[in-house]
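The values are calculated or read from the model by the stated rules, or taken from the named source; none is laboratory data. Note that the structure is a prediction, hence the values are computed from the model and not measured. Every residue, glycine as well, gets a Cβ built from its backbone with ideal geometry; the counts of neighbours run over all protein chains shown.
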């Protein structure tokens, strides 16, 4: 590797000296490019639009008053019918979210509307979960508010629950949105000063929650902890209760006041962190660049932020202290995989958007990795990275440059001196006839390889007992899945309308796995460069949409959650689910998901495949029978109507557990770095066809 001196020493020194401080998280970036997700909603609003009012305008603003990243909107008093709708930003169609579209791997600007059926007049509650790093996949969820929880909204707006009060109303119902989270709406509250409310359980005063009282460190059962609002006009108050904390003394109440279709005010009334454990203020605002890789779960966790140095266009960042091991590192922009940079690839003359250009860094326990990107060059294809491993905060970083090597200065040629002319030695003329004394190499023949146990990933179906097991793979850089139709990457090729080649997604549920005979284990070839996988029982969302397990338990289908995958680490491992599957919501009640599980080393039996072909004899080298040969010993050639000897079934007996079959379709291995794939490439280079014999396993 080449060494390159870092620019911006003052910033580096400051960052090194703060190695023990809590790291600062760069905001998730989305939409306009310069907006982070954390500040986007300070300048933009979310609303619900659809058949509820013939798509004329946003009918219900959405609020995240409790700050958990899930925006909630309530469409009031919806009459019985089936409705289509979407969530959108700023009352226009630049950014909207609907049903997930598998082909485009998106909910953002999806062309598929959400749909809900209301059987009797009720409220419809809609949520947009903005916690994911990729806004293109933010899920929309929704339900008809018919099953009230035990919690309700009570206060001066209901006569405090006293039937003898002239202003008495029953507690406004609250509904569970997720485990430990509840929402309700106090409708059409009259204008006035000092309007008060609380949340209570079971319509009684045994347990109630309001504003956090610092003196008693509680929100529960206080005499002076009512939430108080002033209303200038008739308004709705959306109220949240966060009951997810184990200590119900600290359950938090939040609210948003909505008037004339807009959020007038919103506030969180729970305990506010005192700031003692807040991260230190960074040297500067984080840039659009961040450090990502397997040390961040390839985007599952926020990127480590990078900051501009004293030299404009040069950015540097650092990781937390790491455990001992080898880490893959890249730099990407905006928290997305549209633009990323790694090691220089000489063949494509680029550091940008490579699939195999991750920087591999091996560190000792407690080490911190510093990374720099130099964006001063006009060609972003060759922006260079440097990295340094720091174990001692007082040591000067030893920077390793992994960008395009700089050309060495060419040495001046030595002055040539005239050589004394010498008579040329006469050489014998080369003969055009081959030298019979030099042996001619016979064409090399491809070898036959049998796959290894580590060429596969396995799924333990002993708990799930699915009839079939499918694997749906994808890569976090792009919405592609894998089916091994065309190559070792497993990405399906297609020919575009203009004649160019491209790739097309493989639809969910993905590729069917192979059951290992006599076991509950299913196997599939390792897909090179996949980052995520969902194991499932083989049904699409369209097949289960609208099915209700309460009416017919047989309609339930199962899958795992999104599982992080690394070919190098998980090859030869088996995935086992843990715990019970949780049901879906909305129109996907029939989809049950195992949200937890783990990979472990697989040591059982597997179904191997053979790759390669037997040596082929060149028929041109076959000598004709001698004219003096006894005719009775000459074997007649087969007629054209008979199968050739090469296509006749083999006389050898099949193995006990499998039957050999022949195909002319190349069989791709999962990891192109494995010996099997090397053999396939070598065979193709020799101009030979790759023939695979797959052992069929009876299921």
* Would a scan of the stretch 384-403 turn up a residue that is within 26 Å of the chain's Cα centre (by Cα), at pLDDT 90 or above, part of a loop (DSSP other than H, G, I, E, B) and surrounded by 13 or more Cβ atoms within 10 Å (Cβ to Cβ)? -> no
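Please count how many residues of the stretch 244-261 are assigned to a loop (DSSP other than H, G, I, E, B), modelled with pLDDT under 95 and within 24 Å of residue 200 (Cα to Cα). Full working, then the answer.
Initially, the stretch 244-261 is screened for residues assigned to a loop (DSSP other than H, G, I, E, B), giving 244-247, 251, 260-261.
If we keep only those that are modelled with pLDDT under 95 as well, we get 244-247, 260-261.
Among the residues that remain, those that are also within 24 Å of residue 200 (Cα to Cα) are: 244-247.
Summing the residues that are assigned to a loop (DSSP other than H, G, I, E, B), modelled with pLDDT under 95 and within 24 Å of residue 200 (Cα to Cα) in the stretch 244-261 gives 4.
Conditions tested, residue by residue: (1) within 23 Å of residue 391 (Cα to Cα); (2) touching a strand residue (DSSP E or B) at 6+ places or on another chain (Cβ under 7 Å); (3) free of Cβ contacts under 8 Å to residues at least 12 places away in the same chain.
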| residue | (1), (2), (3) |
| --- | --- |
| 293 | yes, yes, no |
| 303 | yes, yes, no |
| 310 | no, no, no |
| 321 | yes, yes, no |
| 328 | yes, yes, no |
| 333 | no, yes, no |
| 347 | no, no, yes |
| 354 | no, yes, no |
| 357 | no, yes, no |
* Is there a residue in the stretch 375-383 that is within 18 Å of residue 303 (Cα to Cα) and surrounded by 13 or more Cβ atoms within 10 Å (Cβ to Cβ)? -> no
* Asked: Hey, any hits in the stretch 191-214 for a residue that's surrounded by 21 or more Cβ atoms within 10 Å (Cβ to Cβ) and closer than 29 Å to residue 50 by Cβ?
  -> no
* Which strands (runs of 3 or more DSSP E) sit wholly inside the stretch 262-310 and have at least 1 residues that are at pLDDT 90 or above and under 30 Å from residue 210 (Cα atoms)? -> 262-268
* Any residue in the stretch 155-173 that is in contact (Cβ under 8 Å) with a residue 60 or more places away in the chain, surrounded by fewer than 20 Cβ atoms within 10 Å (Cβ to Cβ) and either part of a loop (DSSP other than H, G, I, E, B) or at positive phi (or both)? -> no
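Does the stretch 605-625 contain at least one residue that is closer than 26 Å to residue 539 by Cβ, touching a strand residue (DSSP E or B) at 6+ places or on another chain (Cβ under 7 Å) and modelled with pLDDT of 50 or more?
Applying the first criterion (closer than 26 Å to residue 539 by Cβ) to the stretch 605-625 yields 607.
Subset that is touching a strand residue (DSSP E or B) at 6+ places or on another chain (Cβ under 7 Å): 607.
Applying the additional criterion that residues be modelled with pLDDT of 50 or more yields 607.
Checked against the condition, which is being closer than 26 Å to residue 539 by Cβ, touching a strand residue (DSSP E or B) at 6+ places or on another chain (Cβ under 7 Å) and modelled with pLDDT of 50 or more, the stretch 605-625 yields at least one hit.
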* Output yes when any residue across the stretch 171-183 is under 22 Å from residue 242 (Cβ atoms) and touching a helix residue (DSSP H, G or I) at 6+ places or on another chain (Cβ under 8 Å), and no when none is. => yes
* Can you tell me which residues in the stretch 215-233 are surrounded by 13 or more Cβ atoms within 10 Å (Cβ to Cβ) and not in a strand (DSSP E or B)? -> 221, 222, 225, 226
* Could you check residue 305 against (1) out of contact with any helix residue (DSSP H, G or I) (no Cβ under 6 Å at 6 or more places or on another chain); (2) surrounded by fewer than 20 Cβ atoms within 10 Å (Cβ to Cβ); (3) under 19 Å from residue 133 (Cβ atoms) and say which number it fails? => (2)
* To do: Would you check which residues across the stretch 551-579 are touching a residue at least 12 places away in the same chain (Cβ under 8 Å) and part of a loop (DSSP other than H, G, I, E, B) and list them?
  => 556, 561, 562, 565, 566, 571, 572, 579
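With the requirement that a residue be more than 15 Å from residue 461 (Cβ to Cβ) and surrounded by fewer than 18 Cβ atoms within 10 Å (Cβ to Cβ), what does the stretch 507-531 give you?
Once the filter is applied, which keeps residues that are more than 15 Å from residue 461 (Cβ to Cβ) and surrounded by fewer than 18 Cβ atoms within 10 Å (Cβ to Cβ), the stretch 507-531 yields only 507.
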* Which is surrounded by 21 or more Cβ atoms within 10 Å (Cβ to Cβ) and assigned to a loop (DSSP other than H, G, I, E, B), of 66, 92? -> 66
* Failed condition for residue 77, given (1) in a strand (DSSP E or B); (2) within 25 Å of residue 290 (Cβ to Cβ) -> (2)
* Structure fact -> Every listed condition ((1) in contact with a strand residue (DSSP E or B) (Cβ under 9 Å, 6 or more places away or on another chain); (2) at pLDDT 80 or above) holds for residue 517 save (1)
* Structure fact -> Only one of 105, 92 is within 24 Å of the chain's Cα centre (by Cα) and either closer than 25 Å to residue 333 by Cα or at pLDDT below 95 (or both), namely 105
